[in-house]
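The values are calculated or read from the model by the stated rules, or taken from the named source; none is laboratory data. These numbers were taken from a predicted model, which means no experiment stands behind them. Virtual Cβ from ideal backbone geometry, glycine too; neighbours counted across all protein chains shown.
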Amino acid sequence: MAPFVKRPGVSVLKTTPVVQMDDVSVRWGRNTVLRDVDLQLNAGERLAVVGPSGAGKSTILRLLAGLLLPSSGRLRIHGVPQTYLRLDQRHPPDVRLVFQNPALLASLTVRENVGFLLDRFSRLSEKEIRERVSKALDSVGLAGTENLYPGELSGGMQKRVSFARAVIDDPSQPPGQVPLLLFDEPTAGLDPVACTRIEDLIVQTTNLARGCSVVVSHVMSTILRTSDRVVLLYDGLFRWQGSVEEFQTSENPYVLQFRTASLSGPMQPAEL
């Protein structure tokens with residue numbers, strides 16, 4: 001049970017943030033991609049990271065996914081300092097990345113794609129893994145597709161398989177530890193109806209996994225429908241943070257320019 005912080009007349013439950021960034025910078029030679037950024041994300045929160053192309057949004061995802069380490073500053077996931085890349089960690093935190101492309105293995109069935117990590121690293125029986133895979137597929141509306149191959153599915157169905165892979169229950173994680181779900185441009189290039197389906201699926205997946213999510217997106221409907229908090233990144237700095245409701249009305253010049261897609265404002269396009 002988590003400890004309590006004592007205050008006069010009030011008992012407040014102290015919980016460990018899922019993500020804690022303190023003065024995090026990322027540099028490539030003389031080029032600084034992120035500069036002294038601070039970010040905290042708690043269990044149950046849904047965050048959208050927005051900004052123009054080249055602002056550093058993908059760098060945020062790579063840091064959280066354990067594919068990149070800060071050049072300076074401190075990054076903690078579930079309270080654990082991240083000083084090794086994910087593949088070098090003995091007990092990596094529960095972080096699940098949903099790519100813009102479904103990234104399914106064409107030679108494996110849907111069941112094998114969704115249960116890939118459980119097959120290789122868990123001690124579950126085949127029956128138990130199949131039950132968990134079926135439950136995950138049912139949650140995204142793909143019950144009965146276990147024996148199909150990705151090439152037999154439409155693009156939208158492949159996308160949903162990637163969501164099932166993200167939501168599958170992993171018994172190897174510590175009890176009570178919520179997964180961190182990362183979504184990289186999940187609705188890029190989709191028509192409005194398909195966008196709505198994927199946006200609903202992001203919220204549903206986050207709730208089913210009882211986790212928290214970070215969505216990187218340029219699509220306004222995705223930002224508004226999938227998040228409760230927004231941070232705007234430009235030139236390596238967080239220029240604004242607030243609730244999704246505040247994002248829709250803020251007169252901050254960076255937010256206003258992004259929201260209205262104006263050419264006038266502090267954010268200038270990168271030279272072609």
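In table form, for the structure just shown:
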item: One residue from V167, V140, V133 being under 15 Å from the mean Cα position of the chain (by Cα) and either buried (at least 21 other Cβ atoms within 10 Å of the Cβ) or of a type outside the set (D, E, K, R) (or both); result: V167
item: Yes/no for N31 being at pLDDT below 95 and over 16 Å from the mean Cα position of the chain (by Cα); result: yes
item: Residue ID - surrounded by the fewest Cβ atoms within 10 Å (Cβ to Cβ), chosen from residues in the range 115-130 that are farther than 20 Å from L87 by Cα and touching a helix residue (DSSP H, G or I) at 6+ places or on another chain (Cβ under 9 Å); result: E126
item: Matching residues in the range 236-261 - criterion: being more than 24 Å from the chain's Cα centre (by Cα), hydrophobic (A, V, I, L, M, F, W, C) and either surrounded by 16 or more Cβ atoms within 10 Å (Cβ to Cβ) or modelled with pLDDT of 95 or more (or both); result: L256
item: Options T32, T83, T59: the member that is more than 30 Å from L153 (Cα to Cα), hydroxyl-bearing (S, T, Y) and in a strand (DSSP E or B); result: T32
item: Test: A48 is modelled with pLDDT under 95 and touching a strand residue (DSSP E or B) at 6+ places or on another chain (Cβ under 8 Å); result: no
item: Flag if S107 is more than 23 Å from the chain's Cα centre (by Cα), modelled with pLDDT of 90 or more and of a type outside the set (D, E); result: yes
item: Residues of the range 183-218 satisfying the condition of being part of a loop (DSSP other than H, G, I, E, B) and either of a type in the set (D, E) or out of contact with any Pro (no Cβ under 9 Å at 6 or more places or on another chain) (or both); result: E185, P186, T187, A188, G189, L190, D191
item: Subset tally (residues that are modelled with pLDDT of 90 or more and aromatic (F, W, Y)) for the range 110-127; result: 1
item: Members of the range 64-92 that are buried (at least 16 other Cβ atoms within 10 Å of the Cβ), touching a residue at least 40 places away in the same chain (Cβ under 8 Å) and under 25 Å from S172 (Cβ atoms); result: L64, A65, L68, L75, R76, I77, H78
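One line per residue, one yes/no per condition, for (1) part of a loop (DSSP other than H, G, I, E, B); (2) of a type outside the set (A, V, I, L, M):
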| site | (1), (2) |
| --- | --- |
| L104 | yes, no |
| R111 | no, yes |
| L118 | no, no |
| R123 | yes, yes |
| R132 | no, yes |
| G141 | yes, yes |
| N147 | yes, yes |
